[in-house]
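Here is the structure we will look at.
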Amino acid sequence: MKKFLISGAIITGLFVYFFTTLVIFPQEYLSHKVIEPQPIQNVTLSVNNISLGESFKISIETENKNDVADILITSVAFPGLQEIGDSVKIFSYDYTQSPRYIVPGNKINSEYTSGGTITAQYPSIEAYSRNVAADTAYQMTLGVTPQNTGTFEMYIKTIAIPHTTALSHYPYQGLLDSQSEYVSVFTVNVNP
Amino acid sequence: MELSKKQIFSEKSIEKIFLFSNLVISFGILLVTIGGGWDITNHLLNKPETFFAPPHAMLYTGVTIALIGTVVMFSRWNKFSGYARDHYRFPVKLGIIGIFLLVGAGPIDFLWHSNFGLDGLLSPPHQTLLSGMFLCAVGSMISIVRYGKSYKNNSYSIYHFLIVLAILPVWMTSSGFLYSFSLPFSETDYFNFNPEIYFAVVFATISMPFLNSAILVSTSKLANYKFGIMSITGITLLIINASTSILPNPALVVTLPFYFMTVIPFVVADVILTMTKRRTAIYATGAILGTTFYFLYFPLITHVYNEVIYNRVVSGSMTSNVYFEMLPIIFPLIVGPAIIMGIIGTGIAEKLLLMIHGNNK
C-alpha cells in the first residue's frame, strides 16, 4: 500500500512538473508585455560651411524613453571616407562602454538585428551603453577635419536593443543605409 | 622534532586535517565556479572592459582558498605512511596539477585581457582555469569519498552531507566545460573560437543530460542511497545557478518559480533510489534526470539553441521570451536523446565510482 501511494505521488509529481514547465509557465511568461525602449536623438553641428583644413564639431545627444534598453547604440558613419584615420576625433563621450570603430569589411548586424550580419561598406563610430534605464541620456561630441573639398556626409542613427517596435530606433524614416536601417543625413560644405 | 610532531598528530588526526583541507579545496573551487558563473552573466549584461570586476574578485578569492587548502593537504599527505599514503596518492597528484593550472591561469588571463581585451569563454586562459578547477575538484572529491568509505551504516552522518560539498564543484566545473563547447560566447575582436552551431546543439543535447544523471546518481550512491543527499545537491545547484544567472538580470527574476520547479524531479529521483535499487529503477532515475537538462541550464542554454532555431540577438530582457518560444520546438526533439543519455550516464557513473573508490572498495 505504501509503495503504491509513493508510486502515485511520483507519477503525480512528474506530471505536475512537465505540465507546468512545458505548458503553464511558457504561456504565462509569453503573455507578458515585451519591453519597448524608444530612443530619440538630437544632433547639433557647429557650422555648415568650412574651408579645407578647418574642423567642425558635431554633438549627438541620445535619450532612451519608455522602457529600459539592454543596449543603446548610437552610430555615426562616414560614407565618404575609406578610413577614419585623423579625420575624426572624439572630443567628449559619456556612454558606459568604450566606442567601437567599425572599418570597411567588418561584420555588422543589419535590419535592426533581424537581418543577420553584413559587411561594413564604410567606416563608422558606434557609441554604446548597456542596461539603459528609461529617461537616461548620453552624449558624444566629435571633431571632424575633412580631407577633401565638397560635401562631407555623416549618417547618424540610434538603435535600442531589444528592438521590439518601429519606435526602437531613431530616426523612424529617411535614408536607408547599407545596413537597411534609417539614418539622419548631416552635411557640411567643405570649400577650397 | 619529527618524532615530537608524530606524537602530537596521530595518523588519525593527520587524516582529519587532510580531510578538512580537501573540504577547503572543494569550497574554494565552489567559489571559483560561482564567480565564473557570475562572470558569464556579468559579461552578458554589462560587458565589463577591465580585468578588475567583482566576479573576478570572487573567482580569485576561491583560487586563494583552494591554494591554501592544497598546501595543507600536501603537507598532511607527506606525513602519511604506508597504506594511507598510497590510498591518497592519486587524488593528491590531481590536486597538485590542478592548483598549478589554476594559479597559472590568473597571470595568463591578465595578460590576455591586457593584449586582446575581452576574452571569450573558450579562450586559452579560461580553459586553463577550468582544467585546474576540474582537477582540483575531482582530486578533493576522491579524497573525501575515500576518507568516508567506511560509513556504510544506515544512519545519516556528517560524511553524507560532505558529499554534497565534494560533488558540487565537480558538477559545476564539468558543466563549465560543456558550456565552453556549446555557448556562442567565444568570438572577440581578435579571435573567433565559437563552436560550430550544429556541433554546439548536438554536443549540449548529448553531454548535458549525461552529466546531470551521472553526477546525481553518483551522489546518491556515494551516500548509500540515503534520501535527501541527491535532492540537497540538486537544489543547491539550482540556488547557485539562480543566484549567478537569473537574479543579476532583473528581466529574469519572474522566472524563478519556473526554475525551481526542477526541485520536483530531483526529489522524485531521490525517492525512487531510496525505495529500490533495481537496475530498471536506476535507469528510470537516469532518464528522469536527463530530461531536466533544458530546464536546469536555463537561462544560458537559450543561447545554444537560439543559434540554430532563430539566430536572434538574445539580449538580457529577451532571454526568457526566446527560451519559452523555443521550448515547444526544442523539447520534442531533445527529450529522446536526453532520456538515452541520462540512462547511459547512470551506467558510466557506476564505473566511475569503482575507480573513485580505488582498490579497496
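Within region B:77-98, take every residue that is surrounded by 14 or more Cβ atoms within 10 Å (Cβ to Cβ) and over 26 Å from the mean Cα position of the chain (by Cα) and give me the one that is farthest from B:Y147 (Cα to Cα).
B:K79
Give me the residue from region B:66-88 that is part of a helix (DSSP H, G or I) and among the aromatic types (F, W, Y) and, out of that set, modelled with the lowest pLDDT.
This residue is B:Y83.
From the list B:S114, B:S143, pick out the single residue that is under 19 Å from the mean Cα position of the chain (by Cα) and assigned to a helix (DSSP H, G or I).
Numbers: B:S114 fails: under 19 Å from the mean Cα position of the chain (by Cα).
Exactly one of B:S114, B:S143 is under 19 Å from the mean Cα position of the chain (by Cα) and assigned to a helix (DSSP H, G or I), namely B:S143.
Being within 8 Å of chain A (Cβ to nearest Cβ) and surrounded by fewer than 17 Cβ atoms within 10 Å (Cβ to Cβ) is the filter here; which residues of region B:266-278 pass it? Talk me through it step by step, then tell me what you get.
Pass one, region B:266-278, residues within 8 Å of chain A (Cβ to nearest Cβ): B:267-268, B:271-272, B:275.
The one that is within 8 Å of chain A (Cβ to nearest Cβ) and surrounded by fewer than 17 Cβ atoms within 10 Å (Cβ to Cβ): B:M275.
If you take the residues in region A:26-49 that are free of Cβ contacts under 8 Å to residues at least 60 places away in the same chain and of a type in the set (S, T, N, Q), which one is surrounded by the fewest Cβ atoms within 10 Å (Cβ to Cβ)? Working first, answer last.
Kept after step one, since they are free of Cβ contacts under 8 Å to residues at least 60 places away in the same chain, are these residues of region A:26-49: A:26-33, A:42, A:44, A:46.
Next, only the ones that are of a type in the set (S, T, N, Q) stay: A:27, A:31, A:42, A:44, A:46.
Values: A:Q27: 10, A:S31: 7, A:N42: 12, A:T44: 12, A:S46: 14.
So the residue we want is A:S31.
Scan region B:324-334 for residues that are surrounded by fewer than 18 Cβ atoms within 10 Å (Cβ to Cβ), among the hydrophobic types (A, V, I, L, M, F, W, C) and within 12 Å of another protein chain (Cβ to nearest Cβ) and report the count. First the steps, then the outcome.
Taking region B:324-334 first, the residues surrounded by fewer than 18 Cβ atoms within 10 Å (Cβ to Cβ) are B:328-329, B:331-333.
Subsequent filtering for residues that are among the hydrophobic types (A, V, I, L, M, F, W, C) retains B:329, B:331, B:333.
Narrowing further to those that are within 12 Å of another protein chain (Cβ to nearest Cβ): B:329, B:331.
Here the count works out to 2.
Quick one: is B:Y297 facing chain A (nearest Cβ under 10 Å) and within 20 Å of the chain's Cα centre (by Cα)? First the steps, then the outcome.
Details: facing chain A (nearest Cβ under 10 Å): no; within 20 Å of the chain's Cα centre (by Cα): yes.
Taking the combined requirement at face value, the residue does not satisfy it.
How many residues does region B:279-293 hold that are at the interface with chain A (Cβ under 9 Å from one of its Cβ atoms) and either touching a Ser or Thr at 6+ places or on another chain (Cβ under 9 Å) or free of Cβ contacts under 8 Å to residues at least 40 places away in the same chain (or both)?
The initial filter retains those residues of region B:279-293 that are at the interface with chain A (Cβ under 9 Å from one of its Cβ atoms), namely B:288, B:291-292.
Checking the rest, the ones that are also either touching a Ser or Thr at 6+ places or on another chain (Cβ under 9 Å) or free of Cβ contacts under 8 Å to residues at least 40 places away in the same chain (or both) come to B:288, B:292.
Total satisfying the criteria: 2.
All but one of (1) closer than 27 Å to B:L300 by Cα; (2) surrounded by fewer than 19 Cβ atoms within 10 Å (Cβ to Cβ) hold for B:L101, so report the exception by its number.
Looking at each condition in turn, B:L101 falls short on (2).
Condition first: assigned to a strand (DSSP E or B) and over 17 Å from A:P39 (Cβ atoms). Can you find one or more residues in region A:80-89 that meet it? Let's see the steps before the verdict.
Of region A:80-89, the ones assigned to a strand (DSSP E or B) are A:88-89.
Adding the requirement that they be over 17 Å from A:P39 (Cβ atoms) leaves A:88-89.
Yes, because at least one residue in region A:80-89 is assigned to a strand (DSSP E or B) and over 17 Å from A:P39 (Cβ atoms).
Go through A:I60, A:I125 for me and flag whichever is modelled with pLDDT of 95 or more, in contact with a Pro (Cβ under 7 Å, 6 or more places away or on another chain) and more than 22 Å from A:T164 (Cα to Cα). Don't jump to the end; show me each part of the working.
Details: A:I60 fails: in contact with a Pro (Cβ under 7 Å, 6 or more places away or on another chain).
From the options A:I60, A:I125, the qualifying one is A:I125.
Residues being away from chain A (no Cβ under 12 Å), buried (at least 17 other Cβ atoms within 10 Å of the Cβ) and either within 24 Å of B:K277 (Cβ to Cβ) or of a type outside the set (V, I, T) (or both): count how many of those fall in region B:236-265.
Within region B:236-265, residues that are away from chain A (no Cβ under 12 Å), buried (at least 17 other Cβ atoms within 10 Å of the Cβ) and either within 24 Å of B:K277 (Cβ to Cβ) or of a type outside the set (V, I, T) (or both) number 5.
Against the definition (under 20 Å from the mean Cα position of the chain (by Cα), under 24 Å from B:S186 (Cβ atoms) and surrounded by fewer than 24 Cβ atoms within 10 Å (Cβ to Cβ)), how does B:L135 come out, yes or no? Steps first, please.
Values: under 20 Å from the mean Cα position of the chain (by Cα): yes; under 24 Å from B:S186 (Cβ atoms): yes; surrounded by fewer than 24 Cβ atoms within 10 Å (Cβ to Cβ): yes.
Judged against the criteria, B:L135 is a match.
Please go through region B:33-47 and give me each residue that is in contact (Cβ under 8 Å) with a residue 40 or more places away in the chain, more than 14 Å from chain A (Cβ to nearest Cβ) and out of contact with any Ser or Thr (no Cβ under 8 Å at 6 or more places or on another chain), ordered by number. Talk me through it step by step, then tell me what you get.
From region B:33-47, those in contact (Cβ under 8 Å) with a residue 40 or more places away in the chain are B:33-34, B:36-38, B:40-45, B:47; that's our starting set.
Checking the rest, the ones that are also more than 14 Å from chain A (Cβ to nearest Cβ) come to B:33-34, B:36-38, B:40.
B:G36 - this is the single residue of region B:33-47 that is in contact (Cβ under 8 Å) with a residue 40 or more places away in the chain, more than 14 Å from chain A (Cβ to nearest Cβ) and out of contact with any Ser or Thr (no Cβ under 8 Å at 6 or more places or on another chain).
List pairs: first in region B:55-74 and closer than 29 Å to B:L44 by Cα, second charged (D, E, K, R), Cβ under 9 Å, 6+ apart or cross-chain?
B:P55/B:D39; B:H56/B:D39; B:H56/B:D109; B:M58/B:D39; B:L59/B:D39
Within the group A:L14, A:L45, A:L5, which residue is at the interface with chain B (Cβ under 10 Å from one of its Cβ atoms) and either at positive phi or out of contact with any Ser or Thr (no Cβ under 7 Å at 6 or more places or on another chain) (or both)?
None of the others qualify; the one that does is A:L14.
Can you name the residue in region B:302-323 that is over 19 Å from A:I161 (Cβ atoms) and buried (at least 22 other Cβ atoms within 10 Å of the Cβ) and, of all such residues, is nearest to the other protein chains (Cβ to nearest Cβ)?
Per the criteria, the residue is B:Y305.
Mind counting the residues in region A:156-180 that are more than 14 Å from every other protein chain (Cβ to nearest Cβ) and not in a strand (DSSP E or B)? Steps first, please.
From region A:156-180, those more than 14 Å from every other protein chain (Cβ to nearest Cβ) are A:156-158, A:166-167, A:170-178, A:180; that's our starting set.
Retained after the next criterion (residues that are not in a strand (DSSP E or B)): A:166-167, A:171-174, A:177-178, A:180.
Residues that pass the stated criteria total 9.
In region A:94-131, what count of residues is obtained for those that are surrounded by 15 or more Cβ atoms within 10 Å (Cβ to Cβ), of a type in the set (S, T, Y) and away from chain B (no Cβ under 13 Å)?
The qualifying residues number 2.
Give B:T50, B:T61 a once-over and let me know the one that is modelled with pLDDT of 90 or more and either within 14 Å of chain A (Cβ to nearest Cβ) or out of contact with any Phe, Trp or Tyr (no Cβ under 7 Å at 6 or more places or on another chain) (or both).
On the way: B:T50 fails: modelled with pLDDT of 90 or more.
Step by step, each of B:T50, B:T61 is checked, and only B:T61 is modelled with pLDDT of 90 or more and either within 14 Å of chain A (Cβ to nearest Cβ) or out of contact with any Phe, Trp or Tyr (no Cβ under 7 Å at 6 or more places or on another chain) (or both).
Restrict the check to region B:25-37 and report whether at least one residue is outside any loop (DSSP other than H, G, I, E, B) and out of contact with any helix residue (DSSP H, G or I) (no Cβ under 7 Å at 6 or more places or on another chain). Spell out the reasoning first.
Taking region B:25-37 first, the residues outside any loop (DSSP other than H, G, I, E, B) are B:25-37.
Add one more test, that the residue is out of contact with any helix residue (DSSP H, G or I) (no Cβ under 7 Å at 6 or more places or on another chain), and what stays is none.
No, region B:25-37 contains no residue that is outside any loop (DSSP other than H, G, I, E, B) and out of contact with any helix residue (DSSP H, G or I) (no Cβ under 7 Å at 6 or more places or on another chain).
Across region A:17-42, what is the total count of residues that are within 30 Å of A:E153 (Cα to Cα) and more than 10 Å from chain B (Cβ to nearest Cβ)?
Taking region A:17-42 first, the residues within 30 Å of A:E153 (Cα to Cα) are A:37-42.
Filter once more, so that each one left must be more than 10 Å from chain B (Cβ to nearest Cβ): A:38-42.
Summing the residues that are within 30 Å of A:E153 (Cα to Cα) and more than 10 Å from chain B (Cβ to nearest Cβ) in region A:17-42 gives 5.
Would you confirm whether or not region B:301-314 contains a residue that is at pLDDT below 95, under 30 Å from B:L94 (Cβ atoms) and among the basic types (K, R)?
No - not one qualifying residue is present in region B:301-314.
Being in a loop (DSSP other than H, G, I, E, B) and touching a Gly at 6+ places or on another chain (Cβ under 7 Å) is the filter; apply it to region A:90-124 and report the residue that is nearest to B:L252 (Cα to Cα). Quick ask: steps written out before the conclusion?
Within region A:90-124, the first condition is being in a loop (DSSP other than H, G, I, E, B), and the residues that meet it are A:94-99, A:103-106, A:110-116, A:120-123.
Among the residues that remain, those that are also touching a Gly at 6+ places or on another chain (Cβ under 7 Å) are: A:110, A:120.
On the way: A:S110: 27, A:A120: 34 Å.
My answer is A:S110.
The values are calculated or read from the model by the stated rules, or taken from the named source; none is laboratory data. Values in this document were obtained by computation on a predicted structure and should not be read as measured data. Every residue, glycine as well, gets a Cβ built from its backbone with ideal geometry; the counts of neighbours run over all protein chains shown.
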